[in-house]
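Reviewing the structure listed below.
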Amino acid sequence: MKKILSKKTGVTVLEGLIALGLLALVAAGTFGVLLSVSRKAGTPDIRESMILAVERANEQLQMYPPVLYLSSDAEIPSELRNGLCGGDNNPLAIGRTHFINCMLPPICDRNTSSFYYTTGTEKVNMSVPFSANYNANGMVEGWGASPYASVISVKYYITCNGFTL
């Protein structure tokens, strides 16, 4: 009988506590790595949403005719009169800042995020037309003395939850 009792094997309380401590240490390290990876995986989603918002604003802004090219009797259609977010009767006015916070992605905090664009003019070299009318001498018709034309440039600025494009 003494032989049976002397061959007992088991885990002491101290060994159990050491094993539990090591398991907790490994679990905490794994949780930290997973949390870090999930934060980095969420970052492109914000940037992608910001890029989509800029593309959407650009598409909508292309519907507006530049005021420079409108005749005095031309009228802007009623659905385009208030700008992209309302309250902007001339969304392509040169040299102005146009705020379009209503077009921020839903993921953005409205209190700390902003979305606006500025307009200006640029000279563009038009000496090589994509399509042109040629006269009998092979010269391009309808071109003035200067091959440069003024175009409206638009620059977008968006900040969302601390990220800026």
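The values are calculated or read from the model by the stated rules, or taken from the named source; none is laboratory data. These figures come from a predicted structure and were not determined experimentally. Ideal geometry is used to build each Cβ from the backbone, glycine not excepted, and the neighbour counts take in all protein chains shown. Heads up: the accessible areas ignore ligands, DNA and RNA and are worked out on the full protein's heavy atoms, side chains in. Shrake-Rupley method; radii C 1.70, N 1.55, O 1.52, S 1.80 Å.
Per-residue answers, yes or no, for (1) more than 17 Å from the chain's Cα centre (by Cα); (2) modelled with pLDDT under 90; (3) of a type outside the set (G, A, S):
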position	(1), (2), (3)
G42	no, yes, no
E55	no, no, yes
E79	yes, yes, yes
M103	no, no, yes
T112	no, no, yes
Y116	no, no, yes
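Restricting the first member to the stretch 43-66 and to residues that are under 14 Å from P105 (Cα atoms), and the second to residues that are modelled with pLDDT of 85 or more and part of a helix (DSSP H, G or I), the beta-carbon pairs closer than 6 Å and six or more apart or on different chains are A53/M103; A57/M103. Is it the case, given these coordinates, that L68 is modelled with pLDDT under 85 and in contact with a strand residue (DSSP E or B) (Cβ under 9 Å, 6 or more places away or on another chain)? Against the criterion (modelled with pLDDT under 85 and in contact with a strand residue (DSSP E or B) (Cβ under 9 Å, 6 or more places away or on another chain)), L68 qualifies. Quick one: is G87 at pLDDT below 90 and either under 30 Å from V151 (Cβ atoms) or surrounded by 10 or more Cβ atoms within 10 Å (Cβ to Cβ) (or both)? Against the criterion (at pLDDT below 90 and either under 30 Å from V151 (Cβ atoms) or surrounded by 10 or more Cβ atoms within 10 Å (Cβ to Cβ) (or both)), G87 qualifies. Open to solvent by less than 80 Å² (accessible area, probe 1.4 Å) and at pLDDT 70 or above - does that describe any residue in the stretch 141-148? No, the conditions are met nowhere in the stretch 141-148.
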